[in-house]
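The structure appears below as structure tokens.
The values are calculated or read from the model by the stated rules, or taken from the named source; none is laboratory data. Keep in mind it's a predicted model, so treat the numbers as computed, not measured. In this analysis, Cβ positions are derived from the backbone assuming ideal geometry, glycine residues included, and neighbour counts consider all displayed protein chains.
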Amino acid sequence: MNLAPAERRQFAWITVGAIAVFAALRLLPTGTNLSHMDFRVDPRAGNVIEFCDPANPQFIPVVAAKSPVKMTVALGQGAAPGAPGVATVRLATTNGKPLRVQDLLVTHTERLHLLIVDPALRDYQHVHPTPTGEPGEWRFTFTPRRGGTYRFFSDFTPAATGRGLYASADHDIASRTGTDEGALAPGLETVQDGHRFTLGIAPQPARAGRPIDLQFAITRSEGGAVPLQPVMDAYAHLVAFDEARSGFAHLHPVEADLAKPPAATNPVLNFKLTIPRPGRYIVWAQVNLGGKETFVPFGLSVAE
């Protein structure tokens with residue numbers, strides 16, 4: 001396409017103006033001294049965690065992949081099965097820069113989410129550490145229900161990127177009895193606290209590498225309205241772990257508008273998920289029933 005001299009000049013000025021606006025926006029203060037490059041991993045490192053798109057929920061192999069953020073967890077002396085203890089988590093980029101409060105965005109009402117699970121997948125907890133004032137240091141209270149090597153997954157969004165990232169760390173909890181029960185083996189229906197919880201899966205069987213639709217439903221055992229309330233800006237959260245605890249998928253319902261609650265007597269929420277590998281997975285649902293947070297496990301088998 002041939003442009004007249006006047007049109008070429010106009011196009012050039014528009015281009016220069018757009019570049020100037022972009023440069024000015026990049027210079028605006030964001031509250032963080034970290035940049036996008038602080039969260040990049042050398043591709044020669046092999047398998048790395050990429051920035052994650054919440055609109056395309058997938059299972060993230062956090063342990064096997066190299067994260068651009070290093071995480072450590074320290075538990076106080078009081079942490080033991082059934083006993084609360086104060087714990088500290090530290091987050092820093094691989095080049096040593098701490099992740100401070102202003103370095104993380106608020107996502108689902110919190111800046112930092114910790115997803116904690118024991119070796120048998122029987123004890124799942126979701127906690128939100130608070131900053132201590134020391135750069136990169138966050139504190140939380142943790143009451144393990146079992147012994148063994150607990151795995152802590154962190155879920156956060158750097159302000160410099162606006163995309164979700166993850167890291168993990170392990171910590172041993174001494175068992176009081178010396179033995180613990182085996183792996184959790186739930187089905188797709190559970191009755192707990194006077195409510196019946198079900199998880200529907202389509203298509204059947206669920207297959208690795210293919211999108212899966214999950215339908216989570218609740219009814220009261222004696223009938224009547226379910227006192228479902230929002231938790232972390234959603235009416236339910238699902239978290240899927242594999243048996244090896246190599247990673248997880250943190251899912252939010254398709255029904256994202258809190259102004260449109262699900263049906264009172266039979267609330268149903270829909271989720272989407274892609275599992276990369278076949279195997280046995282445990283899906284933990286987290287809901288708020290009348291002001292009480294409730295966690296319910298389901299079993300999910302994924303075929304080749």
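Listed conditions (1) touching a Gly at 6+ places or on another chain (Cβ under 8 Å); (2) surrounded by fewer than 18 Cβ atoms within 10 Å (Cβ to Cβ); (3) not hydrophobic (A, V, I, L, M, F, W, C) are all met by D242, apart from (2). Annotation: H126 fulfils all but one of (1) outside any strand (DSSP E or B); (2) touching a residue at least 24 places away in the same chain (Cβ under 8 Å); the unmet one is (1). In segment 217-239, the residue that is surrounded by the fewest Cβ atoms within 10 Å (Cβ to Cβ) out of those that are assigned to a strand (DSSP E or B) and within 18 Å of the chain's Cα centre (by Cα) is V231.
In segment 75-96, the residues that are under 15 Å from F152 (Cα atoms) reach residues that are of a type in the set (D, E, K, R) with C-beta atoms within less than 8 angstrom, at least six apart or across chains, in these pairs: V86/R139; A87/R139; T88/E137; T88/R139; V89/E137; V89/R139; R90/E137; L91/K70. Note on segment 57-112: residues that are small (G, A, S), over 26 Å from D123 (Cβ atoms) and surrounded by fewer than 16 Cβ atoms within 10 Å (Cβ to Cβ) total 1. Among the residues of segment 268-277 satisfying the criterion of being more than 15 Å from the chain's Cα centre (by Cα) and modelled with pLDDT of 95 or more, which is surrounded by the most Cβ atoms within 10 Å (Cβ to Cβ)? Among those that are more than 15 Å from the chain's Cα centre (by Cα) and modelled with pLDDT of 95 or more, it is L269.
Of the residues T141, T190, T132, T198, the single one that is under 24 Å from T294 (Cα atoms), polar (S, T, N, Q) and at pLDDT 95 or above is T198. May I ask you to verify whether A234 is closer than 19 Å to G291 by Cα, in contact (Cβ under 8 Å) with a residue 12 or more places away in the chain and aliphatic (A, V, I, L, M)? Spelling it out, A234 is indeed closer than 19 Å to G291 by Cα, in contact (Cβ under 8 Å) with a residue 12 or more places away in the chain and aliphatic (A, V, I, L, M).
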